[in-house]
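Here's the structure we're looking at; comments come further down.
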């Protein structure tokens with residue numbers, strides 16, 4: 001409990017920001033869902049067959065896994081808030097449409113006849129009689145959708161939309177239960193609070209409820225316009241992938257840029273998501289800079305057919321292909337090579353005399369591997385390892401941090417890793433030597449659009465100060481300080497830059 005309270009105090013500013021993002025995403029999703037579902041239910045209330053078709057369709061939409069839906073949306077609308085809102089709208093439609101339709105079709109016929117006898121037009125009858133009588137049922141559906149949206153919105157963090165899911169993902173990545181609880185409890189509290197507010201709304205008169213909803217729409221729209229307008233300034237957005245190392249690097253980028261130009265506003269988006277998300281965001285000008293690795297460029301982003309030997313040759317090819325294919329500028333890389341690797345516990349390595357990946361052939365019969373889905377799918381990952389080393393063993397797909405927990409608990413005895421992972425030191429693991437040189441060189445460097453680089457030559461100069469710097473031992477130590485010693489990435493990054501006299505203390 002003490003650790004949780006300390007985390008809450010230390011992260012209160014980030015929590016408030018994430019809470020605001022979560023509310024904004026949820027608000028727009030709920031509003032759009034209401035504007036679609038309620039009119040649709042009114043339109044089909046006299047057509048039971050059409051209503052059943054729509055009910056079946058919205059029901060099918062709810063069965064689509066949220067991650068799959070987000071993945072399907074990315075090629076069409078990119079990443080960030082827009083695909084998150086679209087996905088949430090899809091899940092929110094059924095409860096609102098269903099409740100509105102049921103409420104409208106179950107009004108006492110005698111009430112309908114009385115309204116007709118009074119000479120009310122269909123529109124007047126809808127607004128003065130039908131909707132007021134149905135409002136409690138409609139709001140009940142809205143309340144169900146609200147709770148559903150707030151819970152599902154935690155996944156928005158996977159595509160760079162922010163929100164309370166950032167804490168959950170960060171907690172999983174760093175094996176920090178306090179961060180996971182902070183995100184989960186905050187999301188649950190927000191859902192309960194919003195449900196309570198909507199329950200109060202349900203008890204209000206029809207006109208009062210409509211007034212409050214209209215005021216919320218105006219306020220929410222004004223807030224969104226303000227946010228968009230506030231971003232039209234001299235602001236640089238730097239994003240990073242999941243994990244401590246990318247967050248350390250983007251903090252270094254910010255400190256170097258601000259040291260050169262104190263008036264420059266730099267916004268960081270750590271734990272932004274997977275490689276494809278960041279690359280898409282960069283090309284769509286949703287972010288300005290992110291650190292990428294040379295091997296990833298050739299193996300994933302440019303689909304290079306051949307990978308040359310030597311770190312400089314790999315970098316030069318990656319730089320040329322990014323420039324010609326996507327008009328991107330790839331700056332000079334750092335020194336360390338954060339390549340893929342296979343690791344076993346030191347005890348397991350000693351028992352079976354394992355030093356290289358080739359040595360695994362001696363123990364294939366007892367191997368139980370846990371590896372990330374990305375490594376299992378990449379052509380320079382598990383597929384190439386099994387082919388080049390002629391290995392066969394069962395593999396379970398796992399989230400990055402979970403595979404370290406699994407090997408510690410002896411649920412698996414072989415995992416994939418990055419050569420600079422702090423967990424290799426933390427869990428006393430042995431990194432097996434890639435004696436057949438399967439894995440290409442992975443040197444990190446800032447990636448940006450050519451247009452941005454030409455507009456900001458001073459930023460290019462600032463970031464190039466990291467070229468050829470930071471050894472594998474240094475970055476692993478920095479990762480250890482963040483993941484194990486719970487130092488902030490910003491503090492660790494700044495300490496490195498000050499010690500190397502790249503910025504003033």
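The values are calculated or read from the model by the stated rules, or taken from the named source; none is laboratory data. Computed from a predicted model, the values in this text were never measured in an experiment. Quick reminder, even Gly has a Cβ in these numbers, built from the backbone with ideal geometry, and neighbours come from all protein chains shown.
Do you know which of the residues in segment 386-401 that are surrounded by fewer than 18 Cβ atoms within 10 Å (Cβ to Cβ) and touching a residue at least 40 places away in the same chain (Cβ under 8 Å) is nearest to residue 363 (Cα to Cα)? Looking at the filtered set, the residue picked out is 388. Screening the candidates 432, 414 for the property of being surrounded by fewer than 23 Cβ atoms within 10 Å (Cβ to Cβ), touching a strand residue (DSSP E or B) at 6+ places or on another chain (Cβ under 6 Å) and at pLDDT 95 or above yields one hit, 432.
Of everything listed in (1) free of Cβ contacts under 8 Å to residues at least 24 places away in the same chain; (2) closer than 28 Å to residue 276 by Cα, the single unmet condition for residue 342 is (1). Filtering 320, 350, 329 for residues that are over 22 Å from residue 421 (Cα atoms), modelled with pLDDT of 90 or more and assigned to a helix (DSSP H, G or I) leaves a single hit, 320. For segment 120-146, how many residues are under 43 Å from the mean Cα position of the chain (by Cα) and without any contact (Cβ under 8 Å) to a residue 40 or more places away in the chain? Qualifying residue count for the region: 5. If you go through segment 410-430 and keep only what is closer than 23 Å to residue 291 by Cβ and either assigned by TED's automatic domain parsing to the domain that holds residue 489 or assigned to a loop (DSSP other than H, G, I, E, B) (or both), you end up with 419, 420, 421, 422. Based on this model, can you work out whether residue 126 counts as under 18 Å from residue 45 (Cα atoms), part of a helix (DSSP H, G or I) and in contact with a helix residue (DSSP H, G or I) (Cβ under 6 Å, 6 or more places away or on another chain)? So residue 126 does not fit the description; no. Of all the numbered requirements in (1) under 22 Å from residue 242 (Cα atoms); (2) assigned by TED's automatic domain parsing to the domain that holds residue 285; (3) touching a residue at least 60 places away in the same chain (Cβ under 8 Å); (4) in a helix (DSSP H, G or I), residue 477 misses one, and that requirement is (3).
Checking each residue of segment 353-375 against the condition of being outside any strand (DSSP E or B), buried (at least 20 other Cβ atoms within 10 Å of the Cβ) and at pLDDT below 95 gives at least one match. Residue 202 passes every criterion in (1) in contact with a helix residue (DSSP H, G or I) (Cβ under 6 Å, 6 or more places away or on another chain); (2) at pLDDT 80 or above; (3) surrounded by fewer than 17 Cβ atoms within 10 Å (Cβ to Cβ) apart from (2). Please tell me if residue 168 is in the same structural domain as residue 128 (by TED's automatic domain parsing), assigned to a helix (DSSP H, G or I) and either modelled with pLDDT under 80 or within 30 Å of residue 402 (Cβ to Cβ) (or both). Spelling it out, residue 168 is indeed in the same structural domain as residue 128 (by TED's automatic domain parsing), assigned to a helix (DSSP H, G or I) and either modelled with pLDDT under 80 or within 30 Å of residue 402 (Cβ to Cβ) (or both). Taking the numbered list (1) farther than 21 Å from residue 384 by Cα; (2) out of contact with any strand residue (DSSP E or B) (no Cβ under 7 Å at 6 or more places or on another chain) in turn, residue 349 passes all entries but (2). Of the helices (runs of 4 or more DSSP H) lying entirely inside segment 1-119, those containing at least 1 residues that are free of Cβ contacts under 8 Å to residues at least 12 places away in the same chain and more than 24 Å from the chain's Cα centre (by Cα) span 2-10, 12-44, 48-63, 109-117.
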